[in-house]
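What follows is a short report on a single structure.
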Amino acid sequence: MVEDKIPTQADVLHAVQAHLFNLKYPKVAVKDKTEQVALIEIVFKKLYAFEIIDPMGFTHWVEDSEDKDGKLMAIVQSGRFFQFLQEQEEDNGEEEE
């Protein structure tokens, strides 16, 4: 449904952001972790892992200048995910060489 449609993928991420904003961006306990993890980070990792949203979709969402529904907080809470995503892209680049 959203495959190869970067703007639509960004819309999905905006919907996730709006929903989690309404929930006040919760953090949850995760098995084998000593600290709680932001739910948005978990959701983003699953969307990426199941290939629902590709890296360009996440980039499009981040670069969208519209700051509503606590987008700044969403970006802050998903920082580790974006670090993970960058590492994945770097690893893929090395494999292609």
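Values computed for the structure shown
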{"quantity": "Base-10 log of normalised Debye intensity for the stretch 1-51 (one unit scatterer per alpha-carbon) at q = 0.28, 0.29, 0.32 Å⁻¹", "calculated": "-1.09, -1.13, -1.21"}
{"quantity": "Entries of Lys33/Lys68; Lys27/Lys68; Lys5/Lys71; Lys5/Lys27; Lys5/Lys46 with Cα pairs more than 26 Å apart", "calculated": "Lys33/Lys68; Lys5/Lys27"}
{"quantity": "The chain - charge dipole about Cα centre, Lys and Arg +1 at Cβ, Asp and Glu -1, debye rounded to 20", "calculated": "980"}
{"quantity": "Probe 1.4 Å, accessible area per residue of the stretch 47-97, Å²", "calculated": "70"}
{"quantity": "The chain, relative contact order [Cα under 8 Å, separation at least 6], %", "calculated": "33"}
{"quantity": "Quarter of the Cα convex hull surface for the chain, i.e. its orientation-mean projected area (nm²)", "calculated": "7.0"}
{"quantity": "Sum of -39500 (n - 2.57) over DSSP H runs of 4+, divided by residues of the chain (222 nm, nearest 500)", "calculated": "-20000 deg cm²/dmol"}
{"quantity": "Solvent-accessible surface (1.4 angstrom probe) belonging to Asp11, in square angstrom, nearest 10", "calculated": "100"}
{"quantity": "Average projection area in nm² (convex hull over Cα atoms of the stretch 53-92, one quarter of hull surface)", "calculated": "2.9"}
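The values are calculated or read from the model by the stated rules, or taken from the named source; none is laboratory data. What you see is a predicted model, and the numbers here were worked out from it, not measured in a lab. Note: ideal-geometry Cβ built from the backbone for every residue, glycine included; neighbour counts use all protein chains shown. We work out accessible area using only protein heavy atoms, side chains counted, and drop any ligands, DNA or RNA first. Shrake-Rupley method; radii C 1.70, N 1.55, O 1.52, S 1.80 Å.
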